[in-house]
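**Q** Before anything else, here's the structure in question.
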Amino acid sequence: MGIRLSFFGAAGEVTGSCYLLETDRARVLIDFGLHQGSRETELRNHRPPPIDARRLDAVVLTHAHIDHCGRLPLLATQGYRGDIHTTPASADLATILLRDSAELQEADAARDARRAARRGETAMPALYTRDECERVFPMFAPLPYTTPREIAPGVTLRLIDAGHILGSASAELSVKAAGTGGRATVFYFSGDLGPRGVPLLKDFQPPRSGPIAPAVEPDVVILESTYGDRDHKPLDSSVQEFAGVIDEAARSRGMILVPSFAVGRTQALVYHYGELLREKRVTRVPVFVDSPMAVDATELYCRHRSLFDDEAWTLINNGQSPLKYAGVSYLRSGEESRRLNDMEGPAMVIAASGMCTGGRIMHHLRHHLWKRDTHVVIAGYQSAGSVGRQLVDRVPRVMVMGEPIIVRAKVHTIGGFSAHAGQSDLLRWAAPLKGSGTRVFLTHGERQPRQALAARLRESIGIEASLPEYHEVCEV
């Protein structure tokens with residue numbers, strides 16, 4: 001057996017990241033995330049891939065978003081007893097996100113059980129419980145950026161800053177297998193890459209570049225392609241568009257609802273609103289971050305501020321906070337959240353989930369989506385089948401908490417706030433591979449973005465990229 005790479009998620013889709021790397025003496029799992037989106041897509045979470053958790057030597061987590069870490073509790077229940085290697089910040093964030101995920105799994109299962117009982121049927125149990133989730137956290141083995149660690153026989157890991165969210169990393173795995181004459185095969189999993197030049201976090205580090213470049217070029221690269229077919233709007237114009245929505249809502253005294261990922265996107269939006277206020281470019285309206293998880297995540301951002309970029313540190317050194325300032329309220333309790341339902345605008349509510357698949361944003365949509373003076377700001381990727389994607393596609397009615405709601409609100413899609421690199425940045429990340437002979441697989445993208453990025457890689461860098469499908473196994 002040489003080296004085998006299996007794609008058990010994020011192959012032809014954006015969520016459910018999961019890759020299995022096997023040699024004659026080691027088995028390493030890279031990410032184990034939830035499939036998210038439509039009901040059919042989410043049912044995949046209950047159909048585990050053919051991975052024997054008891055035989056795994058190591059697990060690597062690139063970052064804490066739930067589509068990368070959301071199935072980790074299943075490993076503990078299936079007999080895995082090894083380490084989960086990730087950055088210190090990702091270990092802290094994953095603890096928050098997985099606890100929230102477990103609560104949602106139990107709540108959804110309880111609701112489905114009640115509905116099934118009324119139909120005389122048996123409901124599917126929770127994917128995992130809060131108690132099962134807690135078993136995972138002692139397995140986290142924090143690994144600072146650029147520090148090599150042997151994590152399995154013949155497998156050495158380094159984590160490189162990916163610039164996506166706090167603690168996000170690309171995973172460089174140096175793998176020695178039988179029949180290679182002692183030479184290592186270098187695998188480079190990009191993880192999710194952030195766009196260059198955005199505030200708070202440092203930019204991604206491409207392979208074979210900078211002072212931390214590996215001594216040898218990567219033999220195999222697994223590159224994300226979420227936005228492989230397009231670039232985002234320029235950040236400056238997106239911030240200005242955001243300001244325009246705020247001013248319009250202020251004039252009409254309407255509510256602004258922002259479905260937002262609790263980790264990464266929420267902090268970026270709070271940062272940009274503060275930037276607009278400091279530059280006197282926007283009407284001041286009260287802002288409510290209505291998400292206990294976002295509150296906890298913001299605290300972690302502040303705790304790990306050593307990972308911030310120079311722009312954020314300039315604010316800190318001037319005695320200002322990038323994330324905490326007058327006019328922004330962070331809400332934890334359900335009672336605080338419910339008070340917002342009766343509030344008159346103008347005001348902005350930033351709440352999870354970012355794709356409108358659950359969470360407190362659903363309550364706010366139910367109360368305000370049917371009003372003409374409401375503004376909904378879509379500031380991130382929306383997976384197929386989600387309520388967020390339906391809003392982007394201008395569906396006239398959406399189902400919110402089991403109730404059909406007419407969409408009279410103005411929906412603004414502002415793509416420049418994405419935490420994912422656009423096509424140009426993905427090509428810039430891959431540019432050091434030109435002329436290398438590196439084998440490239442494109443994952444974490446739907447069909448059109450993957451095909452478009454593959455064409456651009458061929459044209460501009462001379463790389464032929466493969467597009468693996470779900471459950472595909474490749475020999476390297």
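The values are calculated or read from the model by the stated rules, or taken from the named source; none is laboratory data. Since the model is a prediction, treat every value here as computed from it, not as a measurement. We place every Cβ from the backbone using ideal geometry, glycine too, and count neighbours over all the protein chains shown.
**Q** Restricting to segment 382-441, name every residue that is among the basic types (Lys, Arg) and within 20 Å of GLY163 (Cβ to Cβ).
**A** Listed by number, the list holds a single entry, ARG428.
**Q** Still on this structure: Of ALA91, ALA141, ALA110, ALA162, which residue is more than 30 Å from ASP309 (Cα to Cα) and assigned by TED's automatic domain parsing to the domain that holds ASP425?
**A** Values: ALA91 fails: more than 30 Å from ASP309 (Cα to Cα); ALA141 fails: more than 30 Å from ASP309 (Cα to Cα); ALA162 fails: more than 30 Å from ASP309 (Cα to Cα).
Among ALA91, ALA141, ALA110, ALA162, only ALA110 is more than 30 Å from ASP309 (Cα to Cα) and assigned by TED's automatic domain parsing to the domain that holds ASP425.
**Q** Name the single residue that is modelled with the lowest pLDDT among those in segment 197-232 being charged (D, E, K, R) and closer than 18 Å to THR438 by Cα.
**A** Ranking the qualifying residues of segment 197-232, first place goes to ARG208.
**Q** Sticking with this structure for a sec: Residues that are more than 22 Å from the chain's Cα centre (by Cα), at least 2 per element: which helices (runs of 4 or more DSSP H) completely within segment 321-403 meet that? Break it down into steps so the answer makes sense when it comes.
**A** On the way: elements: 334-339, 361-368, 387-392.
Result: 334-339, 361-368.
**Q** Considering each of ALA109, ALA126 in turn, give the residue that is touching a residue at least 12 places away in the same chain (Cβ under 8 Å), aliphatic (A, V, I, L, M) and more than 15 Å from ARG71 (Cα to Cα).
**A** Among ALA109, ALA126, only ALA109 is touching a residue at least 12 places away in the same chain (Cβ under 8 Å), aliphatic (A, V, I, L, M) and more than 15 Å from ARG71 (Cα to Cα).
**Q** Oh, and also: I'm checking my understanding of the structure. Among residues of segment 294-328 that are surrounded by 13 or more Cβ atoms within 10 Å (Cβ to Cβ) and acidic (Asp, Glu), which one is modelled with the lowest pLDDT?
**A** This residue is GLU311.
**Q** If you check VAL258, VAL263, VAL285, which single one turns out to be touching a helix residue (DSSP H, G or I) at 6+ places or on another chain (Cβ under 7 Å), among the β-branched types (Val, Ile, Thr) and at pLDDT below 95?
**A** It is VAL263.
**Q** A follow-up question, please. Mind checking whether some residue in segment 462-469 is more than 21 Å from TYR381 (Cβ to Cβ), surrounded by fewer than 20 Cβ atoms within 10 Å (Cβ to Cβ) and either touching a helix residue (DSSP H, G or I) at 6+ places or on another chain (Cβ under 7 Å) or not assigned by TED's automatic domain parsing to the domain that holds ARG208 (or both)?
**A** Yes: one or more hits.
**Q** Could you give every pair whose Cβ atoms fall below 6 Å, whose first residue belongs to segment 31-44 and is farther than 11 Å from SER17 by Cβ, and whose second residue is part of a loop (DSSP other than H, G, I, E, B) and of a type in the set (A, V, I, L, M, F, W, C), counting only separations of at least 6 or pairs across chains?
**A** Taking only residues 6 or more apart or on different chains, the pairs are GLY37/ALA384.
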